[in-house]
Amino acid sequence: MEQVFLYLVPFLGIIGLLVMAVKSAWVSKQPSGEENMVELAGFIAKGAMSFLKAEWKVMIYFVIIAALILGWSGTLLENSSPVIAIAFLIGAVASAFAGYLGMNIATKANVRTTQAAKTSLKKALEVSFTGGTVMGLGVAGLAVLGMGSLFIVFYYMFVISQGGDVNGHEMETALEVLAGFSLGAESIALFARVGGGIYTKAADVGADLVGKVEAGIPEDDVRNPATIADNVGDNVGDVAGMGADLFGSYVATILASMVLGREIVSNDNLGGIAPILLPLVIAGLGLIFSIVGTLFVKIADDNGSVQSALNKGNWISIVLTVAASFFLIDFMLPDGDLVMKRDASVAFTKMGVFGAVFIGLIVGALMSIITEYYTAMGRRPVNSIIKQSSTGHATNIIGGLAIGMESTVLPILVLAGGIFSSYLAAGLYGVAIAAAGMMATTAMQLAIDAFGPIADNAGGIAEMSGLPKEVRERTDILDAVGNTTAATGKGFAIASAALTALALFAAYVGISGISSIDIYKADVLAGLFVGAMIPFIFSALAIAAVGRAAMDMVNEVRRQFKEIPGIMEYKNKPDYEKCVEISTKASIREMVAPGAIALLSPIAVGFLFGHEVLGGMLAGVTVSGVLMGIFQNNAGGAWDNAKKSFEKGVEINGQMYYKGSEPHKSSVTGDTVGDPFKDTSGPSMNILIKLTSIVSIVIAPFIPGVSPLGLALEDDRPQSIEVVHEEIASDKEIESLPIN
C-alpha cells in the first residue's frame, strides 16, 4: 500500500502535464487572424523570448555557484548530502521551465484571443482561459511530478537502503536534501518575479506617461514606441514571473508539511510514512480537481458574467478537493491520537487534520473574496478612488494609499483566525497542512490568474491592428476581470506564504535545535526589527528600479516622437526594438540587488548572531512582508481598475467623465504609482518571506552556537527551568527550591 501512494503522486503529475499538452495543442490550432495581427504577436513573442534568454544567462551563473556551495556543504554534515546540489539544480530548472511554459502559451493565445473576440465574448473567454489553464496545469504538474519523483528517489536512497526509521535521522536527511529542490525553485522565482516586474512596469509607465498623458493617444496605440515592450512585459512579468512564483510557493508549502510530518509517529497502513506523504497526495488530487473545475468556466453569451464563470470553476475545484481530502485522510491516517515529537502536549486526531485542510481552503477562498472586493470595479473601494480623482492627482493617490492600507485588516484577521484554528485542530502540523490545502488548487488559481495578461495582450493587439470597436470592448471586459483575478491571485499567494512561513519557521526551530524565540532578549528583539525592515528596503529597491528604468523609457519615447518624422501621422513605424532593449537591460541589471538581500540576509544574521536571532529576523520578515504584500497588491489593483472605469464612463457628482478628461488623467497617475506596487514589489513579498525561511532551514545545521559578538559557544540551546532547577538542587544538595 505504501508503494501505491508513493507512485500515485508522480502519476497524478503526469496526468496534469498530459492534459496541459492537449489544451496547448487546442490553443495552437485556433485561428490567429490577419497578417498584421500575426506580425504584432510575433514582435511580442520575440521580445519575451529575448528577455528570458538574457535573464537565464545571468541566473545560470548564480545557479552553478550556489549548487557548488551546496554540494560542498553537503559533505560537512551527517544529516545532509552532496546530492542536495542536484536537487537544487533540478528545482531551478523546473522553476524556469514552468515560467517558460506559461509565457510560450501566452504569446500564442493572445493573438488567438483577439481573433476569437471578433466572433464573441464567449469564444474569447474560451481561448484566453484555456491558455491560462495550460500555464496552471504546467506549473502544478511539474511541481507534483518533481516533488513526488525526487521524494521517492531520496526515500529509497537515504531511508530504505540504510534500513532507517521514517521518523529518524535518515528521513531528516532525505527531507534536508529535498529542501534543495525548493531552494532552487524559490531562488529562480525571486529573480523571475523581480526581473519580470521591473521589465513590465518600466515599459508600462513609459508608455502611459508619454503616450496617454502627454501625446493624448490611446493605450496600446501602434504609434507608441513602448507599446510592444509593454505587451512583452505582460508576458515576462505577469505570466513567466507568476508561473515561477507559484511553482516555488507550491513546492515550499508541500516541503514544510513534509518536514513537520516527519515528527509525527503514526501507526498507519503505510509504514508510518502517511503524515509525510499526505501533503503530496493532497496536491496531486487538487491538481486533478482543478482540471475538473476548468471545465465549468464558460458563459452562455456576451451578456454572461466572466467573473461569475471563473468563481464557479474555482469553487467547484475547492469543494471537490475538500470532499476527497476527507476520505483520503480517513484512510491514510490511523485512529487515535497523533502527536509531534517536539510538542507532545498537543494531541490531535485525523479528523483534526482534515479540519486543518478545510480551514486552509476556506482561508484561501476568503482571501480571494476580500481581495476581489477591494480591487473590483463597481465596489466601494474602487468607486472611492474614482470620486477622489475629480479633485486632482494628489487626492487620487491619497485615496489609493488609504484603500491599500485599509485592505490589510480583514485579510490579517482571516489569516490570524486560520493560523489559530488550524493549530487547535492539529498543532503545528495543522498549520502546515492548512497551507497545503490552500495550495492544493494552485492549478485552478493560476489558470484564473494567467488568463488576465493574455486578455490584456489581446486588447493591445486589437488596438494596434485597428480592429472594430466591439473587438476591443470584448477584450476590455476580459482585461478588467483579469485585473481583479490578478489581484486575487496575489492575495492568495501572500496568504499561502503566511501559513507556509509559519510551518517553515517551525521546521527551522526543529532543525536548529532551539526550543523558542525569546524576544525579551535584546539581540533577538534587534533581529526582529531588522527582519521587519527587510521588506521595506526590498520594496524600495524594486520600486526605485522601476522608476529609473521608466525614466529611460520615457526619454526614449519622447526622442522618437521628436526625431522620427511621421510617427503620429502613421507614415513611419516607431523603433519598437529599442524600447524592448531598454526594458530588458534595466530589468536584468536591477534585479540583482533585491535578490541578494533575500538570499544573503539570513546567512549574515545566522552566522554572526546565531539561531535564535535569525529566528527573530524570520518573524520580522514574515509579519512585515505579509502586510506590505497585501497593501501594495490591493492598492495597485484598485488604482488600475479605477483608471479602467473611465473607459466606460463614470458619474462623479452628477457629471459623466470619460477617457481624456481631467479626472481620467488623475487616475492614470494613480495607476502609474500603483504599477510597481502590484506587479513588482508587492507580489515579490511572498517569495521573499519563503525564501528567507528556506535559506535558514538549509544553513541551520551549519550555524554554530554564537554569542551576540560572534564568539562560539559550546551549546546555545536554552535549558528548561526544570533542568536549571535540578542543577542548582544538585550543587547545593537540597531537595527543592521555590520557583516563582
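Key figures for this structure:
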| item | result |
| --- | --- |
| Which listed residue, of ALA85, ALA96, ALA54, is of a type in the set (Gly, Ala, Ser) and crowded, with 24+ Cβ neighbours inside 10 Å | ALA96 |
| Any hit, region 399-408, residues being closer than 20 Å to VAL626 by Cβ and in a loop (DSSP other than H, G, I, E, B) | yes |
| Members of region 350-362 found to be of a type in the set (Val, Ile, Thr), open to solvent by 10 Å² or more (accessible area, probe 1.4 Å) and in contact (Cβ under 8 Å) with a residue 60 or more places away in the chain, listed by number | ILE359 |
| Flag for LEU278 being farther than 23 Å from THR130 by Cα and buried (at least 24 other Cβ atoms within 10 Å of the Cβ) | yes |
| Whichever residue in region 334-347 is open to solvent by 10 Å² or more (accessible area, probe 1.4 Å) and outside any loop (DSSP other than H, G, I, E, B) and, among such residues, is nearest to ALA274 (Cα to Cα) | VAL339 |
| Residues of region 281-304 classified as open to solvent by 40 Å² or more (accessible area, probe 1.4 Å) and small (Gly, Ala, Ser), total | 1 |
| First in region 513-524 and farther than 17 Å from GLY606 by Cβ, second anywhere and open to solvent by 80 Å² or more (accessible area, probe 1.4 Å) and in a loop (DSSP other than H, G, I, E, B), Cβ under 8 Å, 6 or more apart | SER515/ARG717 |
| Criterion violated by ALA116 - all others in (1) in contact with a Gly (Cβ under 8 Å, 6 or more places away or on another chain); (2) aliphatic (A, V, I, L, M); (3) surrounded by 24 or more Cβ atoms within 10 Å (Cβ to Cβ) satisfied | (1) |
| So ASP337, is it in contact (Cβ under 8 Å) with a residue 60 or more places away in the chain, farther than 30 Å from GLY491 by Cβ and acidic (Asp, Glu) | no |
| Scan of region 599-619 for residues that are farther than 12 Å from ALA498 by Cα and either within 21 Å of the chain's Cα centre (by Cα) or aliphatic (A, V, I, L, M) (or both), ordered by number | LEU599, LEU600, SER601, PRO602, ILE603, ALA604, VAL605, LEU608, VAL613, LEU614, MET617 |
| Test: residue in region 59-74 that is touching a residue at least 24 places away in the same chain (Cβ under 8 Å), crowded, with 17+ Cβ neighbours inside 10 Å and within 25 Å of ALA21 (Cβ to Cβ) | no |
| Selection from region 130-175 of residues that are farther than 30 Å from ILE448 by Cβ, of a type in the set (Ser, Thr, Tyr) and open to solvent by 20 Å² or more (accessible area, probe 1.4 Å) | TYR156, SER161 |
| PHE529 being surrounded by fewer than 21 Cβ atoms within 10 Å (Cβ to Cβ), of a type outside the set (Ser, Thr, Tyr) and either at pLDDT 90 or above or in a loop (DSSP other than H, G, I, E, B) (or both) | yes |
| Residues of region 420-440 classified as open to solvent by 10 Å² or more (accessible area, probe 1.4 Å) and either over 13 Å from THR500 (Cβ atoms) or modelled with pLDDT of 90 or more (or both), total | 5 |
| Some residue of region 295-309 being part of a helix (DSSP H, G or I) and either at positive phi or not aliphatic (A, V, I, L, M) (or both) | yes |
| Only one of ASN224, ASN231, ASN235 that is buried (at least 23 other Cβ atoms within 10 Å of the Cβ), modelled with pLDDT under 90 and not in a helix (DSSP H, G or I) | ASN224 |
| Selection count where residues are open to solvent by 50 Å² or more (accessible area, probe 1.4 Å) and touching a Ser or Thr at 6+ places or on another chain (Cβ under 9 Å), scope region 542-562 | 2 |
| Hey, ASP449 open to solvent by 10 Å² or more (accessible area, probe 1.4 Å), within 19 Å of GLY136 (Cα to Cα) and among the charged types (D, E, K, R) or not | no |
| Residues of region 5-24 that turn out to be among the aliphatic types (A, V, I, L, M), touching a helix residue (DSSP H, G or I) at 6+ places or on another chain (Cβ under 8 Å) and either without any contact (Cβ under 8 Å) to a residue 40 or more places away in the chain or open to solvent by 20 Å² or more (accessible area, probe 1.4 Å) (or both), as a count | 6 |
| Only listed residue being open to solvent by 70 Å² or more (accessible area, probe 1.4 Å), of a type outside the set (Phe, Trp, Tyr) and not in a helix (DSSP H, G or I), chosen from PRO565, PRO574 | PRO565 |
| Any pair with Cβ under 8 angstrom, 6 or more apart, that starts in region 293-307 at a residue that is within 15 Å of ILE477 (Cβ to Cβ) and ends at one that is assigned to a loop (DSSP other than H, G, I, E, B) and of a type in the set (A, V, I, L, M, F, W, C) | SER305/ILE299; VAL306/ILE299; GLN307/ALA376 |
| Of the criteria (1) under 25 Å from ALA462 (Cα atoms); (2) of a type outside the set (S, T, N, Q); (3) at pLDDT 90 or above; (4) more than 24 Å from the chain's Cα centre (by Cα), which one VAL83 fails | (1) |
| Candidates GLU651, GLU647, GLU612 - the one that is without any contact (Cβ under 8 Å) to a residue 24 or more places away in the chain and among the acidic types (Asp, Glu) | GLU651 |
| Residue in region 504-526 that is modelled with pLDDT of 85 or more, in a helix (DSSP H, G or I) and among the β-branched types (Val, Ile, Thr) present | yes |
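The values are calculated or read from the model by the stated rules, or taken from the named source; none is laboratory data. It should be emphasised that the depicted structure is a prediction, and the values quoted were computed from it without experimental measurement. FYI the Cβ positions are ideal-geometry reconstructions off the backbone, even for glycines, and counts take in every protein chain you see. With ligands, DNA and RNA removed, areas are computed over all heavy atoms of the protein, side chains included. Shrake-Rupley method; radii C 1.70, N 1.55, O 1.52, S 1.80 Å.
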